[in-house]
Structure formats: C-alpha cells, structure tokens
Amino acid sequence: MADSETDLGEEKKSSNKLVIILAAVVVLALVITGALYFTGYFSSAENQDADIEEVEESTQDTDKESIAIYHALEPAFIINFQTGHSAKLLQVGITVLANSESVVEALKQHSPMIRNNLLMLFNEQEPDKLRTRAGKEAIQASVLEEIQKIVDKQTGSKGIEEVFFTEFVMQ
C-alpha cells in the first residue's frame with residue numbers, strides 16, 4: 001500500500017509541473033501575439049504592400065543621393081613657373097567627386113577644355129602663396145569653380161561635389 005501512495009504523489013507532482021509549463025507557454029504566446037499586434041505586424045495585406053513600397057522608395061532615394069563617383073584627371077598637371085620665384089615647377093594630381101556617371105562622361109568628353117582652363121588657372125598663381133594651407137585651399141576652391149562652370153555649360157548641371165588634390169609637389 002505504501003507503494004501506491006508514493007506513485008500517486010509523484011504523478012501529482014509531474015502533472016503540476018506540466019500544468020505550470022503549459023500555462024507559461026500560453027502566457028508567453030499571448031504576450032508575443034500582443035506585442036506583434038501593437039507593432040502593426042498583423043496589419044492588412046494592402047498596408048503591408050504599401051509599407052514595403054515606402055521602404056523600397058526610401059532606399060532608392062538614399063541610393064540616388066549617396067552616389068559618389070571619383071574620377072581622376074589624368075595625367076597630373078605640371079606647371080612651369082616664371083623665373084624669379086623660389087619654386088620653378090608645380091605638379092598637381094586632381095581627383096573629382098561627381099554625383100553621376102553622366103557627369104563623369106562629360107568630364108572625359110570635355111577633358112581638353114578642362115585641362116586647358118586649369119593649366120591657365122595654375123599659371124596665374126604665385127608659388128609663395130601655394131606653399132600655405134590657405135593658398136592650397138583657395139586654389140582648390142578655384143579649381144572646383146572652374147570645373148563646375150565647364151560641366152554646367154556643357155551639360156546643364158554642375159554635378160561636381162568636390163575636388164581633391166591627390167598630388168601637390170612644388171620644386
């Protein structure tokens with residue numbers, strides 16, 4: 001008789017554990033379902049399609065805005081200064097940041113005009129001024145303005161974001 005009483009006690013304990021586990025699973029499922037409902041997970045199919053389209057459009061817009069294309073103006077520019085200055089030669093490598101492939105194509109197509117205008121611009125500079133950071137930044141701004149002017153004249157849009165000096169050697 002003692003054996004039958006211990007069997008009933010163990011069965012009662014295991015059934016209590018099972019009930020507790022099942023109750024915990026049900027409560028957890030309800031909590032998850034409620035959270036998903038309030039976050040809009042169970043919205044209608046039309047709303048989900050609209051949400052998907054909005055996300056796709058926003059990613060396309062940011063992709064269009066964040067296009068950065070670097071184009072090096074090759075070969076580097078070499079300028080001979082007039083005698084009487086401490087520097088006789090300037091070598092400048094320039095890379096342009098464009099915002100579209102069409103602008104890069106315009107840069108390639110109008111390269112002779114761009115190179116001519118930039119060579120003239122560099123020849124007008126005083127070598128002593130180009131030795132300072134302020135002088136380099138000033139000529140960089142002038143180069144950007146000159147390239148934007150040419151690209152705007154030829155294509156109708158500026159399209160050039162920035163100009164970078166990748167080489168700057170004075171001798």
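Any read-out appearing in this document is the output of simple, stated calculations on the displayed coordinates, not a laboratory observation. Not measured: the values here are computed from a predicted model. Methodologically, a virtual Cβ is constructed for each residue, glycine included, from the backbone with ideal geometry; neighbour enumeration extends over all protein chains shown.
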Applying the Karplus parametrisation 6.51 cos²θ - 1.76 cosθ + 1.60 with θ = phi - 60° to the phi angles of region 158-171, what ³J(HN,Hα) value in whole Hz is obtained for each residue in order, glycine and proline being reported as x?
-> 5, x, 9, 8, 8, 10, 10, 8, 9, 9, 7, 10, 10, 9
Is region 117-171 best put as rounded, prolate or oblate by its Cα gyration tensor, with a ≥ b ≥ c the root eigenvalues, rounded for a/c under 1.5, and otherwise prolate when a/b is larger than b/c, oblate when not?
-> prolate
Each residue of region 123-129 in order: what ³J(HN,Hα) in whole Hz does its phi give by Karplus 6.51 cos²θ - 1.76 cosθ + 1.60, θ = phi - 60°, with x for Gly and Pro?
-> 5, 7, 7, 8, x, 5, 6
Given a cut-off of under 8 Å on Cα pairs at least six residues apart, what relative contact order in percent is computed for region 67-170?
-> 37 percent
Once all Cα-Cα distances of region 67-170 are split into 5 Å bins that start at 0, what whole-number percent is in each one?
-> 2, 13, 25, 25, 17, 10, 6, 2, 1, 0
Label-point separation, residue 111 to residue 18 (7 Å along Cα→Cβ), nm | 8.2 nm
Give the residues of region 128-170 whose amide nitrogen is closer than 18 Å to a point set 7 Å from the Cα of residue 101 in the direction of its Cβ.
-> 159-160
What ranking, highest mean first, results for peptides 88-99, 25-36, 129-140 when packing means the other Cβ atoms within 10 Å averaged over each residue?
-> 88-99, 129-140, 25-36
